[in-house]
């Protein structure tokens, strides 16, 4: 009989050694890592049978988690390996078989400088209140950026910070701030319940791992309006789409109200992509919207389609378009022209910048 705990430990150590970001366990495939954006099968490991995937996955689960998986057919958890590394794990069924995707969570929370992110993000960590969003596709570093910003606050301000996550990812070591990390289904029933409770916990700052429903969005915007600094993420492509996504999630009769609230509460939207670097690894490209009177007016007047133009023409105010960020990386020799066009949302506009 196979020792799946040992097998899983070997896989984890390989992920760490090779600097992979993810590990995939799928029936009829070799265990597969993602390194610098590319999938690499571990050919020295056996092709996984249904029994293998189940054995490897169950070696990481607690009894309670097994029950949830069997009942709900999917599961999101965090997993600590010998207190050395942590993973965010999604377990699921496909074609009746178990599969899993493991995302490595570094123990050390990197600074914004170490992540090659702009210093202007530190300005948002100094705000007393407002709503700041980090957006982008899945797997492009949103959680890492938010964790870095929260940790900067932790080291520079004496605040009460509450995080609401599913699952808890980065573990913060409290410094000047008190940080309470709450996991959905373990410490609170859901995001909206945890956010509502924050009002009674004397919190100054909240990080919401993801806004998944209208109630959470409404509570987050209200909290930002009433003196809290709120950080959250959405799976959207850019600032204008993010604002539209929030507003469109509400019933038509509530959209004018949320549009007004959002125009008052929003302080910025940071959209990022991780691009393959010519020298190896990944480097971020980004768009930054900073809310000002022009942006607030466009949100109130339902003219969000004009936001891209404001970003393009407001470099002196600190705003950055994705195309400008991509062009800067090409000129610096960090990324290829082909990848710049691949990740651009407006390739025609990129032509004039490269």
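The values are calculated or read from the model by the stated rules, or taken from the named source; none is laboratory data. Small disclaimer: the values here were computed from a predicted structure and weren't measured. Don't worry about glycine lacking a Cβ; one is built from the backbone with ideal geometry, like all the others, and counts go over all protein chains shown.
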Inset, instruction - Find the residue count for region 41-51, including only residues that are surrounded by 11 or more Cβ atoms within 10 Å (Cβ to Cβ) and either out of contact with any helix residue (DSSP H, G or I) (no Cβ under 8 Å at 6 or more places or on another chain) or in contact (Cβ under 8 Å) with a residue 60 or more places away in the chain (or both). - result: 5
Inset, instruction - Inspect region 99-116 for any residue being at pLDDT 95 or above, more than 24 Å from residue 224 (Cβ to Cβ), buried (at least 18 other Cβ atoms within 10 Å of the Cβ) and over 18 Å from the mean Cα position of the chain (by Cα) and give the result as yes or no. - result: yes
Inset, instruction - Kindly check whether there is at least one residue in region 169-179 that is within 22 Å of residue 140 (Cβ to Cβ) and not in a loop (DSSP other than H, G, I, E, B). - result: no
Inset, instruction - Scan region 341-354 for residues that are touching a residue at least 40 places away in the same chain (Cβ under 8 Å) and part of a helix (DSSP H, G or I) and jot them down. - result: 343
Inset, instruction - Scan region 210-233 for residues that are touching a helix residue (DSSP H, G or I) at 6+ places or on another chain (Cβ under 8 Å) and either in a helix (DSSP H, G or I) or surrounded by fewer than 22 Cβ atoms within 10 Å (Cβ to Cβ) (or both) and report the count. - result: 15
Inset, instruction - Give region 119-135 a look and list any residue that's surrounded by 17 or more Cβ atoms within 10 Å (Cβ to Cβ) and not in a helix (DSSP H, G or I), or say none. - result: 130, 131, 132, 133, 134, 135
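Of the residues 268, 318, 280, 333, which is under 24 Å from the mean Cα position of the chain (by Cα), touching a residue at least 24 places away in the same chain (Cβ under 8 Å) and surrounded by fewer than 13 Cβ atoms within 10 Å (Cβ to Cβ)? Spell out how you get there, then give the answer.
Numbers: 268 fails: surrounded by fewer than 13 Cβ atoms within 10 Å (Cβ to Cβ); 318 fails: surrounded by fewer than 13 Cβ atoms within 10 Å (Cβ to Cβ); 333 fails: under 24 Å from the mean Cα position of the chain (by Cα).
Result: 280 is the single residue among 268, 318, 280, 333 that is under 24 Å from the mean Cα position of the chain (by Cα), touching a residue at least 24 places away in the same chain (Cβ under 8 Å) and surrounded by fewer than 13 Cβ atoms within 10 Å (Cβ to Cβ).
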Inset, instruction - Sort through 288, 298, 260 and tell me the only one that's within 22 Å of residue 230 (Cα to Cα), in the same structural domain as residue 144 (by TED's automatic domain parsing), crowded, with 18+ Cβ neighbours inside 10 Å and in contact with a helix residue (DSSP H, G or I) (Cβ under 7 Å, 6 or more places away or on another chain). - result: 298
